[in-house]
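Here, each number is a calculation from the coordinates, and none is a lab measurement. Every value quoted in this text rests on a predicted model; they were computed, and no experiment measured them. Quick reminder, even Gly has a Cβ in these numbers, built from the backbone with ideal geometry, and neighbours come from all protein chains shown.
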Amino acid sequence: MTMKKYFSIAGTLLLATCLFLSCEKEYPVDEDGLLITTRTECFVSNFELLGSDFVTVRVGAVVIDTTAQTIKATVQFGTDLKNLYPQFTLASDCKLDPKITGKTDFSDLANPRKYTVVSGNRQIRKPYTILITVQPR
Amino acid sequence: MTALLFIAGCKKQEYALPIAKDVLQNDAIKRTLGPNIVGQTIEFAYAMAIQPSKGKLVSAEVEATIAGGTGTFLENNTYFTNQSGVDVGIVVGLPSSNSGIKTTVTFTKDTSASTLRYFYVIPPEARGKTVSFKFTVKSSDGATASYQLGPYTVAKMDMVRSLAVSNNNLAYISIEDMKVYNAADAATNAAKIDLVYLFRNISTSAFNHALVSPAADTIYLPGITLPAGVNRSTKMIKVFNLQDFNLAQLQYGIYIDDLDFQQLNFATAPNFGINLKQEAGVWVETADGKYRAYIYINSVNSAGNAVISIKRLAL
């Protein structure tokens with residue numbers, strides 16, 4: 001009787017250990033702790049620019065050319081180009097390099113900013129150039 | 001045993017009417033929210049009561065650590081709310097008298113319980129300091145009771161509300177004076193003019209209502225001939241959805257305090273802000289770095305007029 005009880009305790013412990021170990025399955029993650037998937041899609045699907053007041057500064061629709069890898073946006077006359085918040089919508093599992101951490105300076109129109117889209121499998125990298133035009137007065 | 005526990009748990013406790021204390025009692029609350037700004041009032045409600053068999057209220061007094069400005073008073077009305085939800089006042093004493101730091105109301109009605117409101121006008125001397133209040137009541141049996149509130153910090157900032165600005169006329173804003181000037185007066189106060197208000201209805205772009213530094217690129221000042229000597233460059237940051245309660249006087253419970261001005265970063269801020277909407281605003285820093293301000297736009301119209309309100313902190 002006592003012996004049987006001990007066996008049952010030992011069995012439960014073993015089962016718990018097995019369950020615990022099975023939870024430790026390794027998923028591949030990148031340097032940001034993001035899951036690396038099998039997806040190969042790599043593109044920008046939408047783009048937005050917000051001013052320091054978090055209101056859009058865009059005029060009309062943004063033109064995203066996924067072949068030429070350019071994003072063309074026209075902004076309102078009088079936009080403060082030094083303090084803009086860019087917003088990207090990317091294909092599933094993609095990420096952006098460099099990361100957007102806050103206000104970004106887009107005032108150097110001669111040297112447009114570039115953002116690289118990295119695919120879900122982290123193998124494909126596509127740089128997009130942000131071309132900004134300021135609406136005339 | 002379990003059943004016993006259940007029975008014990010269900011045992012009903014007899015309700016007993018609370019017995020009122022038989023001494024003079026008082027209580028006070030601060031009714032005003034937000035920063036305490038010079039020139040504005042802080043409102044308190046002071047409640048006092050004694051059992052009728054013990055006596056009645058004789059006088060109520062508030063003692064502030066810094067004497068209140070003109071208009072400081074303790075109400076001589078006590079209020080009840082009628083069925084329509086309106087507060088109806090009943091006179092219970094003589095109008096309050098101010099003597100130095102003290103404000104007193106002497107009761108004239110035979111009353112044993114009352115709540116009086118106290119309005120403290122924040123004097124300029126209190127700027128940046130703390131102020132405390134001691135509420136005292138005396139009853140006919142010779143008892144006194146006191147209630148201490150505070151200390152409350154008085155903000156360093158200034159505020160002006162509802163300044164009318166208009167295109168080509170009252171268009172020159174001085175943060176230092178917290179006033180709006182026309183071109184002729186702007187010329188005589190040229191060194192103090194920080195911003196120009198203008199309205200342009202242009203079909204090619206959304207210019208509309210704008211606040212622009214005199215020193216900004218002339219592309220942002222179309223058709224403006226600046227008065228002689230008006231040439232300062234004021235940094236500004238456009239803001240939306242910051243309807244400060246004191247400035248907007250709307251339903252929003254947002255308050256800008258001294259700290260908000262101190263935490264701003266104008267390093268890359270432009271010196272113009274165009275296409276400003278009603279209920280929007282701009283953070284501003286003057287060219288000499290002496291003042292930071294928040295200019296809120298209360299209203300605009302298509303005739304080229306706007307109403308603005310300003311909170312300003314001297315750095």
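Listing for the model above:
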| item | result |
| --- | --- |
| Number of the exception - B:Phe199 against (1) away from chain A (no Cβ under 13 Å); (2) among the hydrophobic types (A, V, I, L, M, F, W, C); (3) surrounded by 13 or more Cβ atoms within 10 Å (Cβ to Cβ); (4) more than 15 Å from B:Ile308 (Cβ to Cβ) | (4) |
| Residue that is farther than 18 Å from B:Ile308 by Cβ, of a type in the set (A, V, I, L, M) and either touching a Lys or Arg at 6+ places or on another chain (Cβ under 6 Å) or within 14 Å of chain A (Cβ to nearest Cβ) (or both), where the choices are B:Ala184, B:Ala190, B:Ala206 | B:Ala206 |
| Residue count for segment B:114-142, restricted to those that are in a strand (DSSP E or B), under 13 Å from B:Ala67 (Cα atoms) and among the basic types (Lys, Arg) | 1 |
| Close pairs from segment B:215-231: first at positive phi and of a type in the set (Gly, Ala, Ser), partner assigned to a loop (DSSP other than H, G, I, E, B) and surrounded by 13 or more Cβ atoms within 10 Å (Cβ to Cβ), Cβ under 9 Å, at least 6 apart | B:Gly223/B:Asn168; B:Gly229/B:Ile193 |
| Filter result for A:Leu109 (in a loop (DSSP other than H, G, I, E, B) and within 14 Å of another protein chain (Cβ to nearest Cβ)) | no |
| Residue match in segment B:283-298 (condition: aliphatic (A, V, I, L, M), touching a helix residue (DSSP H, G or I) at 6+ places or on another chain (Cβ under 7 Å) and either in a loop (DSSP other than H, G, I, E, B) or crowded, with 22+ Cβ neighbours inside 10 Å (or both)) | no |
| Any hit, segment B:100-112, residues being in contact (Cβ under 8 Å) with a residue 60 or more places away in the chain and hydrophobic (A, V, I, L, M, F, W, C) | no |
| Filter result (more than 12 Å from every other protein chain (Cβ to nearest Cβ), of a type in the set (Ser, Thr, Tyr) and under 22 Å from B:Leu163 (Cβ atoms)) within segment B:209-237 | B:Ser213, B:Ser233, B:Thr234 |
| Evaluation of A:Leu81 against (1) in contact (Cβ under 8 Å) with a residue 40 or more places away in the chain; (2) surrounded by 15 or more Cβ atoms within 10 Å (Cβ to Cβ); (3) in contact with a Pro (Cβ under 8 Å, 6 or more places away or on another chain); (4) within 14 Å of chain B (Cβ to nearest Cβ) (one fails), failing number | (3) |
| Out of B:Ile256, B:Ile274, sole residue that is under 20 Å from B:Met157 (Cα atoms), of a type in the set (A, V, I, L, M, F, W, C) and in contact (Cβ under 8 Å) with a residue 12 or more places away in the chain | B:Ile256 |
